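The values are calculated or read from the model by the stated rules, or taken from the named source; none is laboratory data. These numbers come from a predicted model, not from an experiment. Cβ atoms come from the backbone with ideal geometry, glycine included; neighbour counts cover every protein chain shown. For accessibility, only protein heavy atoms count, side chains too; no ligands or nucleic acids. Shrake-Rupley method; radii C 1.70, N 1.55, O 1.52, S 1.80 Å.
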Amino acid sequence: MIENEKELQWDDVIEKDASEFVLLQEGDYDFTVESFERARHNGSEKLPPCNKAVLKLRIDSEQGTAYINHNLFLHTITEGMLSAFFSSIGQKKKGEPLRMDWGRVPGSTGRAKVGIHTYKNRDGEERRSNDIKRFYPKEGAGQAAPTYKAGEF
């Protein structure tokens with residue numbers, strides 16, 4: 001949950017206007033992790049029950065600000081996707097193991113390929129939303145720091 005979010009009471013005052021849904025064009029975008037929630041995946045045909053992180057990603061673009069919810073499943077089957085995400089926010093270096101540091105995830109930034117997902121809602125109406133197709137490694141992450149030896153150039 002975002003820091004300032006809370007349950008409203010029946011007689012609370014509301015101020016915000018309705019927000020417009022922004023559908024981004026397919027492409028590569030910078031993102032910021034607004035928040036994440038720990039949740040549970042109940043299992044499916046392709047993936048057994050496991051923990052999952054529900055990320056809320058914010059993308060500021062010329063079309064406006066878009067929010068994309070993205071699930072990261074904590075299972076060895078999806079370990080490559082976890083690595084791609086942590087690499088994109090600069091926590092994981094290529095070829096090195098990483099203990100996932102979820103406390104550093106909110107506020108992190110990265111870059112991802114955004115696509116358009118088409119689906120039917122409960123009323124059978126066709127809808128479109130954005131989804132993450134892939135995460136890109138953060139530039140400079142995973143590169144070895146230059147080593148210096150005294151007296152050598």
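At a temperature of 10 °C and a viscosity of 1.306 mPa s, determine how fast the chain diffuses translationally according to Stokes-Einstein, using the Kirkwood radius over alpha-carbon pairs as Rh; express D in µm²/s, rounded to the nearest whole number. Roughly 88 µm²/s, to the nearest whole number. Separation of the alpha carbons by more than 29 angstrom is noted, of 16/138; 16/52; 6/52; 52/133; 16/92; 93/133, for 16/138; 16/52; 16/92.
Count Lys and Arg as plus one, Asp and Glu as minus one, and take only other residues whose Cβ is under 13 Å from that of residue 94; the net charge is then +1.
Residue ranking by accessible heavy-atom surface, 1.4 Å probe, largest first, among 28, 60 comes out as 60, 28.
Summing +1 for each Lys or Arg and -1 for each Asp or Glu among the other residues whose beta-carbon sits under 12 angstrom from that of residue 128 gives -2.
When the accessible area of segment 1-88 is computed with all protein chains present and a 1.4 Å probe, what percentage of it is carbon and sulfur? List each step's numbers first, then the result.
Values: 3030 of 6560 Å².
Ligands and nucleic acids excluded, carbon and sulfur reach 46 percent.
Largest GNM mean-square fluctuation among 125, 62, 26, using the chain with Cα springs under 10 Å: 125. According to the calculation over all Cα-Cα pairs in segment 45-120, the P(r) per 10 Å bin from zero is 14, 47, 31, 7, 0 %. For the chain, the dipole from Cβ point charges (+1 on Lys and Arg, -1 on Asp and Glu) about the Cα centre works out to 960 debye, to the nearest 20.
For helix 79-88, report the angle its Cα long axis makes with the longest principal axis of the Cα atoms of the chain; keep it between 0 and 90° and round to the nearest 10°. Roughly 80 degrees between the two axes.
Please work out the average accessible area per residue across the chain, using the 1.4 Å probe convention, and give it in Å².
Values: 11840 Å² over 153 residues.
Per-residue value: 77 Å².
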